[in-house]
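Encoded as C-alpha cells, the structure appears first; notes follow it.
All of the numbers you see were taken from the coordinates with simple rules; none came from a lab. Computed from a predicted model, the values in this text were never measured in an experiment. When we count neighbours, we look across all protein chains shown, and the Cβ atoms used for this are built from the backbone with ideal geometry, even at glycine.
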Amino acid sequence: MGIAVGTKEGPVSEPNVVPLIDVLLVLIIIFMVITPRTPTGLPTIVPQPPPPNEKQPPPDNRTIVVSVLTGGKIMINQDQSDWNTLGSRLFDIFKERADKVAFVKGDDDVSFAQVARAIDIMRGAGIDHVGLITAKIEAGQ
C-alpha cells in the first residue's frame, strides 16, 4: 500500500491509511481497558422517615446516637462525653454487641469537619455502619 506513481494525466497520490488504522485500533483498546473509577466514601445508613399517615415507631433503647453539638460538645444518647474519651466509650458499648450500627447527628451550626471527625472515631471504635440523622429526618419529613 504505497503511493500510486501516476498515470498519463499526471502524478496521483493516495494517502497510506494503514498506520492511521493501527493507531486508531490501539486507542480503542486503551479506552476499553481503562475504566474510570468512581470515588467511594464512607458507607452510611440514612434512616428513612415513616409515611405521613403512619405513626412513628418508638425509639429502640439499644440505638446509639452520637450528637455533635456547638462548642465542641459530644453526647452519646443523653450522656455527656468529650473527644478524647469518645472512642473508648463507644468501644466499651459495642464490644459485646453483634449489631455494630450507630448514628451521628450534628447541629446546624457545626462544621462538617467535626461530624467527619466523629464518624472517623466511631469507625475506629469498631462500628461497622454509621448512619446520618438530619433535621428533616428527625422531624419526620
Practice problem: Which order do the peptides 78-86, 26-34 take when ranked by the mean count of other beta-carbon atoms within 10 Å per residue, highest first? | Solution: 78-86, 26-34
Practice problem: Which order do the peptides 123-132, 107-116 take when ranked by the mean count of other beta-carbon atoms within 10 Å per residue, highest first? | Solution: 123-132, 107-116
